[in-house]
Amino acid sequence: MHQLSIEPAKPEDKTLLFRLLQLYFFDSTQWSEEDLQEDGLYECEEEGLLSYFGSDERSRAYILRVDGKPAGLALIDSVQFEGKQISEFADLFVLPKYRRLGLASAATTQIVINSKNPWLFAIFRKDQEAKRYWQASFKRLPFRSVRAADDPAEDQFHLFVVNEQSVPSDVY
């Protein structure tokens, strides 16, 4: 049995987070069609990750680990959606070696399901693997509610809002 952990990223994790993002971008090229830049990296500035380490809780990064080893990442952003601020489960990536161990479900449970607030999921339309994963997860995991929120003007993402239903005050 593997030990799974989901840890808030610390400033000293910036380089690790950057490198995990590079692996995520590589893994996504099947559907994103993103090209490498001339320096051999995908478009992402390491300094651009600093917002995930500030005192503002609206943008957060998590390092996913299996048996203490880096195995993936989760990025959380605050976005404007349907006229209000909402947390977005922006990116979730698990290295292929560690897939099917329950790490993505553990991260989703710890970060989203255990929260009292609604969350937005924006799934790239071209990413069929992610679409299948989330469709199954929306049925399997104990979300309080799941609502498709596709916008006809939005052609890049399938949008879902979860956990809109209120939580009884004695739950937390």
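Taking the Cα centre of the range 1-143 as origin, work out the dipole magnitude from +1 charges on Lys and Arg Cβ and -1 charges on Asp and Glu Cβ, in debye rounded to 20. Don't jump to the answer; show the numbers that get you there.
Working: 18 positive and 22 negative charges, 225 e Å.
Around 1080 debye, computed over the range 1-143.
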Near the amide H of D127, under 5 Å away, which other amide H atoms are found, from residues 5 or more places off or on another chain, if H is placed in the peptide plane?
-> none
Hey, what do the phi angles of the range 146-153 turn into as Karplus ³J(HN,Hα) couplings, whole Hz, using 6.51/-1.76/1.60 and θ = phi - 60°, x for Gly and Pro?
-> 9, 10, 5, 10, 4, 10, x, 7
Give me the accessible area of Y42, 1.4 Å probe, in Å² rounded to the nearest 10.
-> 20
Identified option (computed Cα Rg over 2.2 N^0.38 Å; candidates (1) 1.04; (2) 0.98; (3) 1.16) | (1)
In whole Å, how far is the Cα centre of the range 1-61 from that of the range 145-166?
-> 24
Taking only the C-alpha atoms, wrap a convex hull around the range 18-110 and report its volume per residue in Å³ as a whole number.
-> 141
Once phi is turned into ³J(HN,Hα) by the Karplus curve 6.51 cos²θ - 1.76 cosθ + 1.60 with θ = phi - 60°, what whole-Hz value does each residue of the range 34-42 show in order, with x for glycine and proline?
-> 6, 9, 5, 7, 4, 7, x, 10, 7
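The values are calculated or read from the model by the stated rules, or taken from the named source; none is laboratory data. Remember, it's a predicted structure, so these values are computed and weren't measured experimentally. Positions of Cβ are generated from backbone atoms using ideal geometry, with glycine treated the same way; all protein chains shown enter the neighbour counts. We work out accessible area using only protein heavy atoms, side chains counted, and drop any ligands, DNA or RNA first. Shrake-Rupley method; radii C 1.70, N 1.55, O 1.52, S 1.80 Å.
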